[in-house]
Amino acid sequence: MDEATLQFYRGNAEAYAKRTFTSRQARLMAFLAQLPPGASILELGCGAGGDTAEMLARGFEVRATDGSPEMAGVASKHLGRTVETLLFHDLDEVGAYDAVWANACLLHVPRTELADVLARIWRALKAEGVFYASYKEGDGDGRDTLNRYYNYPSSDWLRATYAEAGKWDSLEIETGEVIGFDNQWATMLFVVARKSR
């Protein structure tokens, strides 16, 4: 994780937690609809825990994590349960989860490290596990007005990087417009992949 980006979330955890995200609700519901009842989900970059709460309310077993200890603390308070601090490169489980939900967090992984992180996620999934992640579209890395690092991938670059990380039965990419914490509109790439049998 880029240190300046991590420091941003550590210093702005409470302000970030106060934001509401309604646009991703439909994507979360579509993701959950692909899973068996009570499925085990690893959530990366859970932020304030809004998605975690929705998944728990629907009966899923969720391991919620965030790379920022401060953000994990905010989420723990909101959820009334412990949220772990976990950096992506520390994920080392094998075949442990039915699904991984990584909303707007892997977009901060340096381009040269994304294939390794995706491979770690691939290994952590059970066979036929479902993996959701979202990225800001672009053609190279850079920083936003808040000095947060982004990998800004294209669809083709993402497909190649996912293929390098592991074998997938399917990989779908949709696009959409969102407004970020910096009040700037951005085109997002929403990726849903299913691990091979």
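The values are calculated or read from the model by the stated rules, or taken from the named source; none is laboratory data. Only a predicted model underlies this, so the values are computations on that prediction, with no experimental measurement involved. Virtual Cβ from ideal backbone geometry, glycine too; neighbours counted across all protein chains shown. Calculation scope for accessible area: heavy atoms of the full protein, side chains included, ligands and nucleic acids excluded. Shrake-Rupley method; radii C 1.70, N 1.55, O 1.52, S 1.80 Å.
Couple of notes before you dig in:
- The residue pairs whose first member lies in region 167-182 and is closer than 19 Å to Ser155 by Cβ, whose second member is of a type in the set (Lys, Arg) and part of a strand (DSSP E or B), and whose beta carbons are closer than 6 Å, counting only pairs six or more residues apart or on different chains, are Asp169/Arg194; Ser170/Arg194.
- Asp156 under 28 Å from Gly11 (Cα atoms) and either in contact with a helix residue (DSSP H, G or I) (Cβ under 8 Å, 6 or more places away or on another chain) or open to solvent by 20 Å² or more (accessible area, probe 1.4 Å) (or both): no
- Condition met for Thr175 (β-branched (Val, Ile, Thr) and modelled with pLDDT under 95): no
- Number of positions in region 91-148 that are farther than 13 Å from Met1 by Cα and assigned to a helix (DSSP H, G or I): 8
- When we screen Ser134, Ser170 for residues that are out of contact with any Phe, Trp or Tyr (no Cβ under 6 Å at 6 or more places or on another chain) and within 21 Å of Glu43 (Cα to Cα), the only hit is Ser170.
Every residue, every condition in (1) within 22 Å of Ala193 (Cα to Cα); (2) modelled with pLDDT under 95, yes or no:
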residue	(1), (2)
Ala13	no, yes
Arg24	yes, yes
Ser68	no, yes
Gly80	no, no
Leu91	yes, no
Val94	yes, no
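- Of the residues making up region 54-63, those that are more than 14 Å from the chain's Cα centre (by Cα) and open to solvent by less than 30 Å² (accessible area, probe 1.4 Å) number 2.
- Answer residue from region 64-121, given it is out of contact with any Phe, Trp or Tyr (no Cβ under 9 Å at 6 or more places or on another chain) and at positive phi and is surrounded by the fewest Cβ atoms within 10 Å (Cβ to Cβ) among those: Gly80
- Selection from region 25-80 of residues that are of a type in the set (Lys, Arg) and either within 25 Å of Met1 (Cα to Cα) or in a helix (DSSP H, G or I) (or both): Arg27, Arg63, Lys77
- Selected residue (criterion: farthest from Pro36 (Cα to Cα)) from residues of region 122-134 that are touching a residue at least 60 places away in the same chain (Cβ under 8 Å) and open to solvent by 50 Å² or more (accessible area, probe 1.4 Å): Trp122
- Restricting Val62, Val117, Val109, Val100 to residues that are of a type in the set (Val, Ile, Thr) and in contact with an Asp or Glu (Cβ under 7 Å, 6 or more places away or on another chain) narrows the list to Val62.
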